[in-house]
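Below is one structure, written out as structure tokens, with a few remarks after it.
Just so it is clear, none of the values below were taken in a lab; they were calculated from the coordinates. As the structure is a computational prediction, the values presented were derived from the model and not from experiment. Glycine also receives a Cβ, built like all others from the backbone with ideal geometry; neighbour counts cover every protein chain displayed.
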Amino acid sequence: MITGSTQILPGMLDLLILKAVSLQPEHGYGVLLRIGQLSGGALQIEQGALYPALYRLARRGWLTASWGISENHQRAKFYQLTTAGQRRLREETDAWESLAGAMATVLKARLEEA
């Protein structure tokens, strides 16, 4: 799913895409660049994983797609969050933050605390 040694957990790609598109409508390659930028280069999504995920999110009604012209004057499909997508982003963000908090608690545990 991504290059490098970092692995994406199931569902994480969808959350990353929803977040990237929530900032502004983006074409597919723009989503890749945005995720890379937001993660400081730590997350580099492969195109082979991105485009099926974009189509899946659109089928679920979380994204809409419309044709436009990219910054390099190429015709491209731009994705935008729907109201349902905004709701899903909030739900997934809450779930991820809860999981991350629980993981942090476990990783900070010491033998005497167990």
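Some observations on this one:
- Taking a Cβ cut-off of under 14 Å around E97, the surrounding Lys, Arg, Asp and Glu residues balance to a net charge of -1, with basic ones at +1 and acidic ones at -1.
- Normalised contact order of the chain, rounded percent, pairs of Cα under 8 Å and 6 or more residues apart: 26
- Under the combined filter of DSSP loop state and at most 12 neighbouring Cβ atoms within 10 Å, region 13-114 retains these GluC sites (Glu not before Pro): E46, E71.
- Distant-in-sequence amide H partners of I8 (H built 1.01 Å from N, under 5 Å): I2
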